[in-house]
Amino acid sequence: MTLSLLLIGFTLAAPLAEPCTCLAEADVLFEQRHIDFDREQLLADSMIIDEAITVYARALVLCPSDRQPEIAWKYLRAIVFRGYYASATDDARQSAYDRGVAVGDMLAKRYPDEAGVHLWLAINWAMWTEFHRKSDILGRGVPKKIRRHSERAAYLDSTFADGGGWRVLGGVHARTPKIPLLMGWPSKKKARAYYERAFAQFPDNLYNRRFLAEFLWDQDEKERACALLQSVVDFPRPVHGLVEDTHIKEKAREKLASWGFIDRTDSPSGAFRDTLQ
């Protein structure tokens, strides 16, 4: 659904005289995303997040214009959550990201100076690539879109989402193939710089730790990679929310196991602590 159709639908359906209470309502719903979380399946309840998405969309119609940039990025964030944490099938995931990039492109044009809109659009595009052919990805210039929007996010607010712009920039440089004469900009050196910058500024963000760790492993810096990823598993306090924390810690355990590293619940300690410096 395009943004214009989405907004027209809510304009016709919602009483415009209603005070802008829907943003607060949507925020409450998003905060409840952990309710009925299935820890074994690592699957959040889709009904709660779907309702939050619906109410955020309504808020884009009913709330004052000065609140709408915030609503826009929260809407895109909720779609990413729906696709990644609350979808049981690939079709459901793809559907979420298809909607995210379609509406997100329009929101980025409408709110070009909102860092959160650019960041969450970049993340939607990054997730979108998981479900489309390489020819479609390159044909639509998706890596460049991700780079452009994450650069814009970092430029507008480098602290947003704990260095989210730097984190996504690191990812697009690390994962995009360098093709001479066609796509010569991807750089492992830049990927490291962006990942390290996000981690240095916001070391408690578990995604900053995870993505840097996986990059280091690919660069054959295995000791530091294992230490960083083990530190995700061992992190002692809540960071992103029950769903996200549980998910990232379980994925970190799986990755460590695939690396042949035995999970140590007392890590980081000794030599591992030293490698985190």
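Since every read-out is calculated from the coordinates, none of them should be taken as a lab result. Predicted model only: the values in this text are computed from it and were never measured. Cβ sites come from the backbone with ideal geometry, for glycine too, and all protein chains shown count toward neighbours.
Helix 115-128 and the longest principal axis of the C-alpha atoms of the chain enclose an angle of approximately 70°.
Size of the range 133-202 from its Cα atoms: along the principal axes, largest to smallest, the extents are 35, 21, 18 Å. With helices as the sole contributors, the chain gives -21500 deg cm²/dmol at 222 nm; each DSSP H run of n ≥ 4 counts as -39500 (n - 2.57), and the sum is divided by every residue. Computed 3J(HN,Hα) for the range 78-88, one whole-Hz value per residue from the Karplus formula 6.51 cos²θ - 1.76 cosθ + 1.60 where θ = phi - 60°, is 5, 5, 4, 4, 4, x, 8, 10, 10, 10, 8, glycine and proline marked x. In the chain, the longest principal axis of the Cα atoms and the axis of helix 46-62 are about 50 degrees apart.
Of the peptides 61-71, 95-105, the ranking by mean beta-carbon count within 10 Å, highest at the top, reads 95-105, 61-71. Over the range 17-100, the reciprocal of the mean inverse Cα-Cα separation, the Kirkwood hydrodynamic radius, stands at 13.0 Å. The angle separating the long axis of helix 90-110 from the principal Cα axis of greatest extent in the chain is about 70 degrees. Taking the average, over residues, of other Cβ atoms within 10 Å as the packing measure, peptides 213-219, 174-180 rank 213-219, 174-180 from highest down.
Taking amide hydrogens as placed 1.01 Å from N in the peptide plane, the amide H of residue 43 sits under 5 Å from those of 38, each at least 5 positions away in sequence or on another chain. Checking (1) 1, 6, 14, 19, 20, 18, 13, 7, 2, 0, 0; (2) 1, 6, 11, 15, 18, 17, 14, 9, 5, 3, 1, 0, 0; (3) 1, 5, 9, 10, 8, 7, 7, 7, 6, 6, 5, 5, 4, 4, 4, 3, 2, 2, 1, 1, 1, 1, 0, 0 against P(r) over Cα pairs in 5 Å bins from 0, in percent calculated from these atoms, the matching label is (2).
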